[in-house]
Amino acid sequence: MISIVILGTGNVAKHLYDSFSATNQVKILQVVGRSEEKLLVYSKQTEVTLDYGNIKEADVYLIAVSDGAVKEVSQNLIGKKGLVVHTSGNCALDMLSPIQRKGVFYPLQSFTKNKKVDFKEIPICLEAAQKEDEIILEHLAHLISEKVFNISSEQRKIIHLAAVFVNNFTNHLYQIGNEICNDHNIPFELLHPLIKETAHKISVLNPHEAQTGPARRGDQVTINNHLRLLENKTYKEIYSLLSNSIKKNYE
């Protein structure tokens with residue numbers, strides 16, 4: 001049985017809490033946070049505390065907070081015997097110094113409140129300062145996921161950068177498409193099958209092969225027509241920038 005203390009009450013913390021709670025090989029001893037209201041979610045099943053000076057002894061401490069708070073929160077764990085890990089894709093392992101037993105447990109997924117995810121399908125990127133602790137993290141990760149990878153801090157930063165392009169930027173384009181549809185009284189749900197097919201396609205083709213559209217074809221007439229339809233200056237710039245990038249890729 002691995003004992004865990006989770007530090008944080010955000011989306012990542014909640015999803016990890018739910019996943020580990022579903023296993024019989026992990027005992028969540030405590031959830032530590034700064035919001036009494038958010039801690040109420042856990043208080044019926046687990047001990048909670050607002051006091052960072054009252055953290056229980058555990059095998060593993062999972063720091064699931066914003067990147068900017070990782071260093072500050074970790075300072076409360078100096079002197080603890082357990083393994084201290086953060087869940088950030090952008091923070092290096094050394095962010096946890098001077099703690100000796102330190103590591104990273106980074107689930108590569110976009111987490112949203114009240115939106116369930118299948119953790120078995122989520123890649124978990126691991127790193128540890130010591131080989132023995134790496135083995136502990138591998139065991140812990142395999143309890144909730146079938147996709148576990150040992151990734152260095154530099155590799156993880158690159159993965160996080162790529163993830164911003166394929167997830168955050170893509171979702172912003174969905175938002176623009178949704179706004180365009182709403183402005184012209186068109187149901188955005190008409191685009192749902194296209195979005196699903198585009199996402200599915202890259203599981204069987206690489207993105208370069210899967211690319212379609214007027215920029216891929218070099219269809220400048222259609223591109224110009226689209227630009228005329230766009231009234232928002234920023235959206236015109238985004239459309240032009242992406243179209244030019246696509247065209248250059250296929251010249």
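The values are calculated or read from the model by the stated rules, or taken from the named source; none is laboratory data. In this text the structure is predicted, and so the values were computed from the model without any measurement. FYI the Cβ positions are ideal-geometry reconstructions off the backbone, even for glycines, and counts take in every protein chain you see. All accessible areas refer to the heavy atoms of the entire protein, side chains included, with ligands and DNA or RNA removed. Shrake-Rupley method; radii C 1.70, N 1.55, O 1.52, S 1.80 Å.
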Could you grab me the full set of residues in region 130-154 that are open to solvent by 50 Å² or more (accessible area, probe 1.4 Å) and either of a type in the set (Phe, Trp, Tyr) or over 16 Å from Asp59 (Cβ atoms) (or both)? Lys131, Glu146, Lys147, Phe149, Asn150, Glu154
So Lys196, is it of a type outside the set (A, V, I, L, M), within 16 Å of Thr170 (Cα to Cα), open to solvent by 100 Å² or more (accessible area, probe 1.4 Å) and part of a helix (DSSP H, G or I): yes
Determine the pairs where a residue that is under 15 Å from Leu39 (Cβ atoms) and assigned to a loop (DSSP other than H, G, I, E, B), located within region 1-26, has a partner that is small (Gly, Ala, Ser) and open to solvent by 20 Å² or more (accessible area, probe 1.4 Å) with Cβ atoms under 6 Å apart, the partner being 6 or more residues away or on another chain. Thr9/Ser35
Identify all residues within region 9-37 that are of a type in the set (D, E, K, R) and buried (at least 17 other Cβ atoms within 10 Å of the Cβ); write none if there are none. Lys14
Are any of the residues in region 236-251 open to solvent by 60 Å² or more (accessible area, probe 1.4 Å), assigned to a helix (DSSP H, G or I), of a type in the set (Val, Ile, Thr) and without any contact (Cβ under 8 Å) to a residue 60 or more places away in the chain? no
Go through region 148-186 residue by residue and tally those that are part of a helix (DSSP H, G or I) and within 15 Å of Gln109 (Cβ to Cβ). 11
Considering only residues that are open to solvent by 50 Å² or more (accessible area, probe 1.4 Å), part of a loop (DSSP other than H, G, I, E, B) and not basic (Lys, Arg), which ones fall in region 82-107? Asn90, Pro98, Gln100
